[in-house]
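The values are calculated or read from the model by the stated rules, or taken from the named source; none is laboratory data. Just so it is clear, the model here is predicted, and its values are computed rather than measured. Counting neighbours? That spans all protein chains shown, and the Cβs are built from the backbone with ideal geometry, glycine included. The area values use the complete protein model at the heavy-atom level, side chains included, leaving out ligands, DNA and RNA. Shrake-Rupley method; radii C 1.70, N 1.55, O 1.52, S 1.80 Å.
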Amino acid sequence: MDRRGVESWNAALQNFQCSEFESCVAHFQAIEGPPSCVLYNLAVVFQLLERFEEAIQKLTEAIERDPYFAIALFRRAYIFFLQEQYQNAIEDFEGCSRAFRSAKRIDYSQHGIGSLPVTLFLCDVTFNTGISYFLNGNQILGFKLLRRAQSEADAGSRSAINEVLNCLQQSTKNFDPQLISLPETNSLFKPLRRFSSASRDFLGSQRVIASRSCEKISGLSSHENSRKTELCGNTLLPAFGAALQIPSPPGVPPPRRPLDQ
């Protein structure tokens, strides 16, 4: 990406922090040949503006560029679910599960620097898939997937899944299921610091993560992370990872970043 593209990206992030969403969209759209993480950023802003069809379009473009972009698949599935397009939601949640390959979680903090990791958990995806099947009329498969999510989950998540299963086993009438949403829902990727044309601080109450690679950003190992359970409220949430520059100890060279944007 050239300097002009990076400047537009940074300007969009500044607009986002100030809740100037229309200007944010304009700056992101000014980037020529946007990478998948910029398309994802646009989808986040469109969702905040309740322009859901445009959010789906940008997520689709991002997924076409990186079929293993799990967090984009997860977000698009969530939007489909909110629109009661349960079959589309099922297909995307299942695609998200495949993007994990043999992993149980994907850690997106590895695309930035800081102390606020964002981890996408396989058990959450399985749970959401089960709920989607249940509401789409296939209760048997829905229950099966919920039990699988129960077995995949850690102790903290298992109690919430147990509560849903117990509720369903007692009665399926008036059941109002809630999906597990993305951690740090309203969060954006930012370009690597070394590509920035100027030193700027984007660490306000609405923070953004650094993208290590603009295209292939999925399928990495991870560690535990607290998760949010609300999608797209009026309050902007913290970022995937705080983009703090941590100096290397004396005599130790800084880590290399082999991947280009």
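Name the pairs: first residue in segment 1-15 and touching a residue at least 12 places away in the same chain (Cβ under 8 Å), second residue in a helix (DSSP H, G or I) and not small (Gly, Ala, Ser), Cβ to Cβ under 6 Å, at least 6 apart or on different chains?
As it stands, the answer is Val6/Phe195; Ser8/His27; Ala11/His27; Ala12/Cys24; Ala12/His27; Ala12/Phe28; Asn15/Cys24, since those pairs meet every condition given.
Where residues in segment 107-133 are at pLDDT below 90 and in a helix (DSSP H, G or I), which of them is most open to solvent (accessible area, probe 1.4 Å)?
Gln110
Please state which of the following conditions Arg75 fails to meet, knowing it meets all the rest: (1) without any contact (Cβ under 8 Å) to a residue 40 or more places away in the chain; (2) open to solvent by less than 10 Å² (accessible area, probe 1.4 Å).
The single condition Arg75 does not satisfy is (1).
Among the listed residues Glu54, Glu22, Glu50, Glu64, which satisfies the condition of being more than 18 Å from Thr129 (Cβ to Cβ), open to solvent by 60 Å² or more (accessible area, probe 1.4 Å) and assigned to a loop (DSSP other than H, G, I, E, B)? Explain how you work it out, then say what you get.
Working: Glu54 fails: assigned to a loop (DSSP other than H, G, I, E, B); Glu22 fails: assigned to a loop (DSSP other than H, G, I, E, B); Glu64 fails: assigned to a loop (DSSP other than H, G, I, E, B).
It is Glu50.
Collect the residues in segment 134-166 that are outside any helix (DSSP H, G or I) and either in contact (Cβ under 8 Å) with a residue 24 or more places away in the chain or within 16 Å of Gln178 (Cβ to Cβ) (or both), keeping them in residue-number order.
Asn136, Ala153, Asp154
On the given criteria, is Glu91 open to solvent by 10 Å² or more (accessible area, probe 1.4 Å) and either of a type in the set (Lys, Arg) or in a helix (DSSP H, G or I) (or both)? Steps first, please.
Values: open to solvent by 10 Å² or more (accessible area, probe 1.4 Å): yes; either of a type in the set (Lys, Arg) or in a helix (DSSP H, G or I) (or both): yes.
Yes: the conditions hold for Glu91.
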